[in-house]
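Every number here is computed from the coordinates shown, using simple stated rules; none is lab data. None of these values were measured; they are calculated from a predicted model. When we count neighbours, we look across all protein chains shown, and the Cβ atoms used for this are built from the backbone with ideal geometry, even at glycine.
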Amino acid sequence: ASIGKNCVIFQQVTIGGTHQGAPVIGDNVTIYAGAVLIGKIKIGNNVVIGANSTVYFNVPDNSMVLPGSSRVMKWKQNLFTR
């Protein structure tokens, strides 16, 4: 895996690769406790990944991944949008 600058990773986070590749994590990313990042995925800059989220897809810059449904919320003008 490749991890950018100023990243914060809390306890029990799993960052794992597959036979295809490993995650690439951008700058200023916060990954909360229990999150799982699997496969050849790209996590953009300024992203927040919620606790106990499972991420197996690319996440764009300036967004948040919510736990449970693994939905991506995009940050736009101080509001989160789907």
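Indicate, rounded to the nearest 5 percent, the antiparallel portion of the DSSP beta bridges found entirely in region 1-48.
That works out to approximately 10 percent antiparallel.
Modelled label-to-label distance, residue 7 and residue 73, 7 Å Cα→beta-carbon offset: nm?
2.3
Residues of region 8-50 with amide nitrogen under 12 Å from the 7 Å Cα-to-Cβ point of residue 57?
Flagged as within label range: none.
Just want to confirm a number: the relative contact order over region 1-59, from Cα pairs under 8 angstrom separated by 6+ residues, in percent.
With pairs under 8 Å counted, the relative contact order is 32 percent.
Work out, step by step, the length gained on full extension between residue 14 and residue 30: first 0.36 nm times the residue separation, then minus their alpha carbon distance; give nm to one decimal.
Value of the extension gain: 4.4 nm.
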